[in-house]
Structures are given as C-alpha cells and as structure tokens.
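Okay, structure first, notes after.
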Amino acid sequence: MLSYRIWVPSTQSYLRMYEINCEQYRDILKSVEDSDNFNYYTNKLLTENITDQYSLLRDGFTPTLIDKFIIMLQLKAYSCNTNLSLTRECSKCATKTDFVIDLNRLIDSLAPVVDRSFKKTITVGSYSVVCDIPSINLNPNAEVFTDDQKLNRYLYSFISDISLSDNKLLLPTRPDDEKFKICQSLPYNVTYAVKTHFVDDIHNIFKELLFFKTKCNDKKCGDELEIKFDILNIDDIVKLLFRDSNNTNMLQQYASVSNHCHFDYSFYKSICPAELETLYNMITESSKSDNAEENTNQDIDLFQQYRSQTQGMVESESEFK
Amino acid sequence: MSEQLSLQEILSLVNQTNKQFDSVVYIPSLNKEVYVKSMNASHLKSVIRTAVAGVFANNVFNQITYDILKDVLDPSIPLSNITVFDKLVILLQLRMINVKNTIGVNFSFGEKVVSEEINIKEFIDSLKLKTFNFEVATVSDGTYEAEICFPSIENEFQFERNFAQTKIKGIDQSDLEALKNLFDPLFIKEICMYIRSVKISDQYINLLAHPVESRLAIVEKLSGSLITKILETIDAKYSSQLKELLVIPKTIDENEYIGNLEIGPEIFT
C-alpha cells in the first residue's frame, strides 16, 4: 500500500500514513449515518494507517479534533479524489444546489486558522491549567458515552493537564473516569476562567470559519449557502468529506470490476477507492467500445473474399452458426 | 516534580487547596454572615442541565440550587432555617465569589431598554442597611386560621421534587393541553409552600410535619375565602419584599428606568 506524508497541525510536523483502502472506505461509508460507529471506524483508521517507521503513537501522540479533520481531509484527497461533490438545499426556497469543493484549495483556506498549536496555560490561584483542543479517544474499543459522560467531555475536554502548586496531576496518563473526577473537583472559578479565556475564544475563532460558501441555484433567490466549521462537532465535518459517495456506489464498482477481472478479494480490499474507480472506468469504457464494435460488425464470407485461394475447396456448414 | 499521585491523594490535595476560595455570605433572615465553601466544576455541570430542561427549567434550577447550597453552605445551618428570599441573596453572592462581581440587568423606560452591569458587592451592602420582615403572619376567615411565612429552601425543594416526580415526569413539552393541566397543581403548590400550619376550630395542624402529598391534599380542601386572604397576605407581606429585592430603579438621562434582576441558571455563566 502506498503511504504519504500527512501534515499534523498540533505537532507542526509530518506523519507518514498509508492511504485509505477499499475495506476501510466501505466501513466509513456504511457508518456515516451512525455517529458512534463512524467515530469508531475513523479513529481505528487513524491508528491502523500510521506506518510503523514513523509511528508517533509510541511517543504518546494523540491527535486532536482538528488533527483528525486535517488528516482525514488529506487521506481522502490522496486515496479517493480531490474534488468533493455535495448538494445543499436552500432553507429559503428549498432549491437543491450542487457544488464541488477542491479539497486542496480547502486546506489552503483553512490553514491560516487551524494550522497552529492552540495550547494555552491559564493560572488561577495555585492552579495552572493547560488548555488545548480536545484529543480524540484513539481506543477503538472505547465505550459509547452516556449522557453524563458526554457532558463531562463537553465541559472538561479542553483541559489537557493541571498543575497544583508543585504537583503535576498528569491528566494525560490517567483513564477518562479519573480525569473527569479530578476536573469535577476543580473550583468553579478555575473552570470559569478556562471557559472565558480559552473555550469561548476557540468558539469565536471557529464560529465564523467557513468550510464552504456558495449561492442558491435559483437566481431569484440567490441566498447564500454556507457550511461552517463547528469545533465540538468535528465528526459532522469529517462526515461531510465522505458524503459524495455511498456504499452502493462502491458495491456497484466492485461488482462490475469483479465481473470482468479475476482478482482475489484481498486485492480489492487492499487497493484504494481511486484505483477501484479507475478500474471501473476502464471497464466501462472498454464495454462501450465492445458494444460499439458489435453494432457495426457484418458477417464476412471468407470464401468470397479469398476466392482465388479457396478454389477447389468445398464450403461446409459453419460450426459457429 | 512529584511522582504520580493516586486519585485519592489528588482529590485530597484539591479539597485542601480549594479552601483558599472559601468565603462568607450574608443571610438577611439571620442578619449575619455565614461560611461558604467554593463551588466546583460539578456544580457547573448541574447548572448546565437546566439548559435542556425547557419549560421546566425553573423546577430543575430550584432542585439543583438546593443541592449546591447543601454542598457549600455551613452545615451547622440547616436549609430549613433559610428562606427562599435568602436563597436569592445567597445565589447573587455565590456569583460574586465564583464568577464575577457584576451582573447584567435590563433597565426599561417605556419601550426603551438599556443593559447595564450592577456591582453585586455594592448591592449586597445596600441590602444590609434595609430591614426585611420574616415574621409569621396569621390569616383567618372565621372558620379556618392559617399561619404563613416565607418558605424555607428545604420546604421549596420538597415541593419542587414532588412536583417533578408526580406532575412533570413524562410530559411532552410540546403538548400544550398537558402543560395547561399543570396550572392548577402549580397554583396549589405555590400557595401550599407558604402555609406552615392550619387551625380548624381547636384542631392545630402543623403542616411542616406532614409529607408534601398530605399538605397539598389539606390545602386543596381549604375554603376559597381563606385561600383568597392567604393570597392577599402573601402578596402584601412577602411578594412585595421579593419585588423590593429584584426590582431596581435607576435614573438614566433624567428618566426613571426600572430594572428586573433575574436570578436563574444564567447567574452562574
């Protein structure tokens, strides 16, 4: 499998990762309507596709929500296609508008805002709180969160570590339930300072960050259609990257290719979706040419055409009629 | 740098450290200041739950503030000794200690509305100079006699919890008919909280010693004339004091604006 250098904003460095293969792509497409499963398969991909040689997981690297989006965007562009075709329904006139996003240009437009570290330390009394964009939970077997746990993540996920006088509480090394118990015991004014001096700032930075903007197809309406970047619903933004295809498309391509080519199933699993689509397009083109040939073909009488060479020969009944 | 501390060691360390944020709050009915611990992040989590309570936010907020006050107030002072009037003053001061020293108020004059921040410490200091009436009032219609007073925080909590469990639970907030059907039980609840005892002939019934369901049942049977007198007294003696607390006059550009201090879930954000 081919691997690529993938830029990671939080570490401001490259990570080498394998392209998305058809099996992984299919799992993602099938789970795109189910948030928990989508989370599971995309996070699984992030761990599985880091090549051993450049693995940062051993050094304790955990991608942030922004890293996840930027990594998935790059992998999608490399493994599937660089153009994302979407449809939006206008809220004013209900007209559907199709548009295409160039993922490379999208990266360029988002980079000035997202391509940096957001880490910040806030000090209140004896507390020093290190705040950062929340990390994703890389454990693919992590439990589905209850409402209470979801509330914990919403409130405390921006806190990455805490120092209390000379004691480092080492939150990143602790399991989630311990982290939340510690965060819950923090004094209100510390949590309030984190909210007003970090979380609110993050929301203000991102709330006006446009993912894409276009106008309604209906010229009389002309309403602006926008897709905005929502930092706490990163998975919804990641899902957008995969909404231009669905499992049925993939199955159709696979059925067509496997009908014409005798590859082992493991071959299909290991190639990337762009390669599957290329094979599918080649077969479709080839089928069109074959059909065109059949329609213009006439029976050729070789005995008439090569009369001089077939003199004396007896024409027998054709075995092919 | 210390070695990795256990969870218990950390929680103990945090609890010790949090004492630096402890403070005092003034309680009008006791006319004194009492010790209060700092609120913590789990209290913030509770407050956020009211954001999803919809039309029942007030009920949820009252239950949550009971839990918070039970957690932070000096345990030597039971919540059955502190009134709902005191609660509003305490909540303002908790905002001053844990969030910030100001609160936004909308002042209106006719159709004009002006938003301004008021200084909570100055506001509390001005309250300390006022005299409020927390005495029990007696109301009679010749047949029944009732003693009424400001409900205690404990009392309010019992009624709000009962209301949530028996009336609100399972109601679809978009069902207007179901919401309209809550009006009567809500009305009885609000009156019942103020009534601490009822005397029928020579029979004295201390309602505070009875569970909420029994108190509601008794009050529902009281005469209409007594209920009317109770309402008038509540309005004259107690609601008027709440108004004095929450309604703030202010002169802006030579016009008398009126501001309404809203003490709800937003007080902690």
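The values are calculated or read from the model by the stated rules, or taken from the named source; none is laboratory data. Since this is a predicted model, take the numbers as computed values, not measurements. Quick reminder, even Gly has a Cβ in these numbers, built from the backbone with ideal geometry, and neighbours come from all protein chains shown. Quick note on the areas: whole protein, heavy atoms, side chains included, nothing else; ligands and nucleic acids left out. Shrake-Rupley method; radii C 1.70, N 1.55, O 1.52, S 1.80 Å.
Flag not set for A:Leu110, criterion: more than 8 Å from chain B (Cβ to nearest Cβ) and in a strand (DSSP E or B).
Being at pLDDT 95 or above and either more than 9 Å from chain A (Cβ to nearest Cβ) or open to solvent by 30 Å² or more (accessible area, probe 1.4 Å) (or both) holds for only one residue in B:Ile77, B:Ile90, and it is B:Ile90. Of all residues in region B:5-26, those that are at the interface with chain A (Cβ under 7 Å from one of its Cβ atoms) have Cβ atoms under 8 Å from Cβ atoms of residues that are among the acidic types (Asp, Glu), 6 or more apart or on another chain, in B:Leu7/A:Glu178. Of all residues in region B:147-195, those being open to solvent by less than 50 Å² (accessible area, probe 1.4 Å), farther than 17 Å from B:Ile218 by Cβ and of a type in the set (Ser, Thr, Tyr) number 1. Considering only residues in region B:114-132 that are in a strand (DSSP E or B) and not acidic (Asp, Glu), the one that is surrounded by the fewest Cβ atoms within 10 Å (Cβ to Cβ) turns out to be B:Ser115. Taking region A:104-131 as the range and being modelled with pLDDT under 85 and aliphatic (A, V, I, L, M) as the test, the residues that pass are A:Leu106, A:Ile107, A:Leu110, A:Ala111, A:Val113, A:Val114. For B:Tyr26, state whether it is part of a strand (DSSP E or B), open to solvent by 70 Å² or more (accessible area, probe 1.4 Å) and out of contact with any Phe, Trp or Tyr (no Cβ under 9 Å at 6 or more places or on another chain). So B:Tyr26 does not fit the description; no. Can you spot a residue in region B:52-60 that is within 11 Å of another protein chain (Cβ to nearest Cβ) and in a helix (DSSP H, G or I)? The answer is yes; a qualifying residue exists. The residue list B:Ile82, B:Ile64 contains one member that is touching a helix residue (DSSP H, G or I) at 6+ places or on another chain (Cβ under 8 Å), away from chain A (no Cβ under 14 Å) and either modelled with pLDDT under 95 or open to solvent by less than 10 Å² (accessible area, probe 1.4 Å) (or both), which is B:Ile82.
Residues in region A:148-170 that are within 29 Å of the chain's Cα centre (by Cα) and either closer than 25 Å to B:Ser23 by Cβ or within 10 Å of chain B (Cβ to nearest Cβ) (or both): A:Asp148, A:Leu151, A:Asn152, A:Tyr154, A:Leu155, A:Tyr156, A:Ile159. Mind checking whether some residue in region B:233-247 is closer than 30 Å to B:Ser115 by Cα, open to solvent by 70 Å² or more (accessible area, probe 1.4 Å) and among the β-branched types (Val, Ile, Thr)? Looking through region B:233-247, none of the residues is closer than 30 Å to B:Ser115 by Cα, open to solvent by 70 Å² or more (accessible area, probe 1.4 Å) and among the β-branched types (Val, Ile, Thr).
Taking first residues from region A:32-51 that are closer than 17 Å to A:Thr146 by Cβ and partners that are at pLDDT below 85 and in a loop (DSSP other than H, G, I, E, B), the Cβ contacts under 6 Å between residues at least 6 apart in sequence or on separate chains come to A:Asp36/A:Val144; A:Tyr40/A:Pro140. For region A:32-51, the set of residues classified as open to solvent by 10 Å² or more (accessible area, probe 1.4 Å), assigned to a helix (DSSP H, G or I) and among the β-branched types (Val, Ile, Thr) consists of A:Thr47 only. Put simply, of B:Lys70, B:Lys100 the only residue that is free of Cβ contacts under 8 Å to residues at least 24 places away in the same chain, touching a Leu at 6+ places or on another chain (Cβ under 8 Å) and either more than 24 Å from B:Lys37 (Cβ to Cβ) or surrounded by 13 or more Cβ atoms within 10 Å (Cβ to Cβ) (or both) is B:Lys70.
Here's the yes/no breakdown for (1) surrounded by 13 or more Cβ atoms within 10 Å (Cβ to Cβ); (2) closer than 20 Å to B:Asn98 by Cα:
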residue	(1), (2)
B:Leu13	yes, yes
B:Gln20	no, yes
B:Lys32	no, no
B:Asn40	yes, yes
B:Lys45	yes, yes
B:Asn59	yes, no
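Residues in region A:52-66 that are out of contact with any helix residue (DSSP H, G or I) (no Cβ under 7 Å at 6 or more places or on another chain), in a loop (DSSP other than H, G, I, E, B) and at pLDDT 80 or above: none. For region A:67-89, a residue qualifies if it is within 19 Å of A:Glu226 (Cα to Cα) and either assigned to a helix (DSSP H, G or I) or not basic (Lys, Arg) (or both), and the qualifying residues are A:Phe69, A:Leu73, A:Asn83, A:Leu84, A:Ser85, A:Leu86, A:Thr87, A:Glu89.
Checking each residue in region A:4-31 for being crowded, with 16+ Cβ neighbours inside 10 Å and among the hydroxyl-bearing types (Ser, Thr, Tyr) picks out A:Tyr4, A:Ser10, A:Tyr18, A:Tyr25, A:Ser31. The residues in region B:133-146 that are farther than 19 Å from B:Lys32 by Cβ and surrounded by 16 or more Cβ atoms within 10 Å (Cβ to Cβ) can be counted, and the count is 6.
Looking at region A:153-263, the strands (runs of 3 or more DSSP E) lying wholly inside it that each contain 3 or more residues that are open to solvent by less than 40 Å² (accessible area, probe 1.4 Å), more than 25 Å from A:Ile28 (Cβ to Cβ) and free of Cβ contacts under 8 Å to residues at least 40 places away in the same chain sit at A:159-164.
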